[in-house]
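Enquirer: What follows is a single structure, and I will ask about it in a moment.
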Amino acid sequence: LGASLHRDTRDSFLNPKSGWLNEFGVEYAGGIMGGETSFVKVTTDNRFYWQFQGDMVLASAIRLGYAEGLRSTREQGITSFERFRAGGSTTVRGYEERSLGLDVDEFGNHRGDVMFIFNAELRFPIYKPVGVVLFFDTGNVWEQFSEIADDLPHSAIGGGIRVDTPLGPRVWIMVSR
């Protein structure tokens, strides 16, 4: 069972240049709903787009999440696929997909119950549909808040070429950490 609040003032869905996207969600599983695991998950995703100096765009995002096991799940842990993951092209670029965090499940997947992701991106056009992207990403996942000091957020900086297509923007990125 889940509920979410959603506010979108972006000027474009596929290639925003100004506005906000704010989402806040709460998910409840198990308990009176049945199922093998029981937990509450709270997430927030806030993105900001600002066009300046002609067609230059500053895009930023902060995503936070917290999951807490309920009843028997508190002791055995939340099912791995319900937990947060970080690393890769949609979270912290410069790291392999789902490679961040200290906790590893039996399949070698990194995951956690606490998530922090921050992205900042500067986009500027070169010629018509082709542009350049410079970015800074930082983030991680942890099993508990107390682990944050032991495994600080991982950061990456880099850049790439961005091509706007009819199916949405495509980015070819060269990354450095």
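The values are calculated or read from the model by the stated rules, or taken from the named source; none is laboratory data. Owing to the predicted nature of the structure, the values given are computational and were not obtained by experimental measurement. No Cβ is skipped: glycine too gets one built from the backbone with ideal geometry, and neighbour counts run over all protein chains shown. Areas reflect the complete protein model, heavy atoms only, side chains present, ligands, DNA and RNA absent. Shrake-Rupley method; radii C 1.70, N 1.55, O 1.52, S 1.80 Å.
Enquirer: Using the Cα centre of the stretch 13-63 as origin and beta-carbon charges of +1 (Lys, Arg) and -1 (Asp, Glu), tell me which of 43, 57, 31 is placed farthest towards the positive end of the dipole.
Expert: My answer, from the dipole projection, is 57.
Enquirer: Between beta-carbons, use under 9 Å as the cut-off and find the net charge around residue 45, counting Lys and Arg +1, Asp and Glu -1. Before the final figure, lay out the partial values.
Expert: Values: positive: 47, 63; negative: 23.
With Lys, Arg at +1 and Asp, Glu at -1, the net is +1.
Enquirer: How large a share of the accessible area of the chain, in percent, is made up of carbon and sulfur atoms when the probe is 1.4 Å and the other protein chains stay in place?
Expert: Result for the chain: 59 percent of the exposed heavy-atom area is carbon or sulfur.
Enquirer: Another question, then. How many Å² of accessible area per residue for the chain, probe 1.4 Å?
Expert: Per residue, the chain has 58 Å² of solvent-accessible surface.
Enquirer: Still on this model: Output the relative contact order of the stretch 72-169, whole-number percent, from Cα pairs under 8 angstrom with separation of 6+ residues.
Expert: Reported as a whole number, the value is 25 percent.
Enquirer: Tell me the net charge near residue 151. Cut-off is 12 Å between Cβ atoms, residue 151 excluded, with +1 for each Lys or Arg and -1 for each Asp or Glu. Can you show the working numbers first?
Expert: Details: positive: none; negative: 103, 143, 147, 150.
Value of the local net charge: -4.
Enquirer: Same structure, new question: Residue 112: net charge of surrounding residues, Cβ under 10 Å, Lys/Arg +1, Asp/Glu -1, itself excluded?
Expert: After counting each charged neighbour, the total is -2.
Enquirer: Moving on. Counting pairs of alpha carbon atoms under 8 Å apart in space and at least six apart in sequence, what relative contact order in percent does the stretch 1-45 give?
Expert: Relative contact order of the stretch 1-45: 35 percent.
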